[in-house]
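Just so it is clear, none of the values below were taken in a lab; they were calculated from the coordinates. Note that the coordinates shown come from a computational prediction; the quantities given were computed from them, not determined experimentally. For neighbour counting, all protein chains shown are included, and Cβ atoms are generated from backbone atoms with ideal geometry for every residue, glycine included.
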Amino acid sequence: MITFFATGKPFRDHSGIIQRNAIKSWTRLHPEAEVILFGEEEGAAEISRELGLRHEPVVERNAQGTKRLDYMFGRAQTVARHDTLCYINCDIILLPEFCRAVERVRAGHSRFLMIGRRWDTDITQPVDFTEAGWDERLSVLAHKHGVQRDADAVDYFTFPRGFYREIPPLVVGRIWWDHWLVWKARSERGEVVDVSRLVTAIHQNHDYGYHPVGAKGVWEDEQARKNFELAGGRAHLFTIDDATHILEPEGERKNLKRVWAPSWRYLRPKCAPVWFALMDLTRPVRKVLGLRRPHLAAGVDRQSPSSRG
């Protein structure tokens, strides 16, 4: 089966609600699913006891006290009960379809990274996972009222034990570490499989109160810049568009988009002003036709800070 590992913020207020929702969903996917929760934040020990998680309170941190990704990946691959692992942001709800996708990817590849796009969805209350059909209701909620993010938002990383051996001291809670993980998989000649068409990964929308200046700090502070440096710059930052394969209901196919994905990342910032000017110009027509700007703009919207969890 699979071992999930994650780290969270303090389990209080809205952050506590969405993190409990996320973790509970993982435990419901399979009777043998294991969850490792890293960190000693408020409420972490309590929820670990309540849900039967493996709690790893000790996490190596940088000089500013931010948790290091390399330590969590190394420790998880050492202590996990299962040979397939998934690092996942602690605000992502998964549905049973996730495990079916893992089985299909695992059957076709030995060295792989499974990733996919998420659905940004407003969820403010605890989810009752004991009610029959909870997964169907959440799927309908996400597809009807949520917005599927573009390829820049990567929130879960499924891979075989031993796949990630050398990781620089990147920190979570800032940007760039996720894109580096995708690049690393490709650089190690692993097959990166995009399962967005099969998996509805529900990102529960939240604010960025954990940073003194909010989302801007997550993007632009000293630690974010250090992550960029440690990652090796833009050449080492890939997205879901760089996947080698796409898994669909009918089967798997090569992802041709990966060929021009690097060029598009270079051109996109230059095209964005023209695109948004076009959006403003055509707003009256689109309003009459009932077209929603968030969906139209997704292709050139800059990477969402919420992809950082």
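Of note:
- Residues Ser187, Ser48, Ser196, ranked from the fewest to the most other C-beta atoms within 10 Å, line up as Ser187, Ser48, Ser196.
- Zone of Asp221's modelled label, taken as backbone nitrogen in the stretch 60-88 under 17 Å from a point 7 Å along Cα→Cβ: 61-69
- Neighbour counts of other Cβ atoms within 10 Å put Tyr156, Tyr87 in the fewest-to-most order Tyr156, Tyr87.
- Phi angles across the stretch 30-46 convert, under the Karplus curve 6.51 cos²θ - 1.76 cosθ + 1.60 with θ = phi - 60°, into 3J(HN,Hα) values of 6, x, 9, 5, 10, 10, 10, 10, 8, x, 10, 4, 3, x, 5, 5, 5 Hz, Gly and Pro given as x.
- Distant-in-sequence amide H partners of Glu191 (H built 1.01 Å from N, under 5 Å): Arg111, Phe112, Leu113
- The tail of the calculated P(r) for the stretch 106-249 beyond 21 Å holds 52 percent of all Cα-Cα pairs.
- Amide H contacts of Phe4 (H built 1.01 Å from N, in plane; Pro and chain starts excluded): Glu34, Val35, Ile36, Cys86 sit under 5 Å, all sequence-distant by 5 or more or on other chains.
- Two-decimal log10 I(q)/I(0) for the stretch 26-113, as the Debye equation yields it once each C-alpha is a single scatterer, q = 0.11, 0.21 Å⁻¹: -0.36, -1.19
- For q = 0.22, 0.24, 0.28 Å⁻¹, Debye-computed log10 I/I(0) when each Cα of the stretch 1-69 counts as one equal scatterer: -0.95, -1.08, -1.32
- In plain terms, the residue of Met114, Met72 with the fewest other Cβ atoms within 10 Å comes first and the most crowded comes last, giving Met72, Met114.
- Derived scalar couplings ³J(HN,Hα) [the stretch 106-119; Karplus, 6.51 cos²θ - 1.76 cosθ + 1.60; whole Hz; x for Gly, Pro]: 5, 5, x, 9, 9, 10, 9, 10, 9, 9, x, 6, 10, 10
- Each principal axis of the Cα cloud of the stretch 65-191 was taken in turn, and the coordinate range along them, longest first, works out to 41, 37, 28 Å.
- For Asp150, nonlocal amide neighbours, meaning residues 5 or more places apart or on other chains whose placed amide H falls under 5 Å from its own, do not occur.
- Working value for the stretch 149-205: equivalent-ellipsoid semi-axes of 20, 16, 10 Å, each the square root of 5 times a Cα gyration tensor eigenvalue, largest first.
- Relative contact order (%) - the stretch 109-178, alpha-carbon pairs under 8 angstrom, separation at least six: 48
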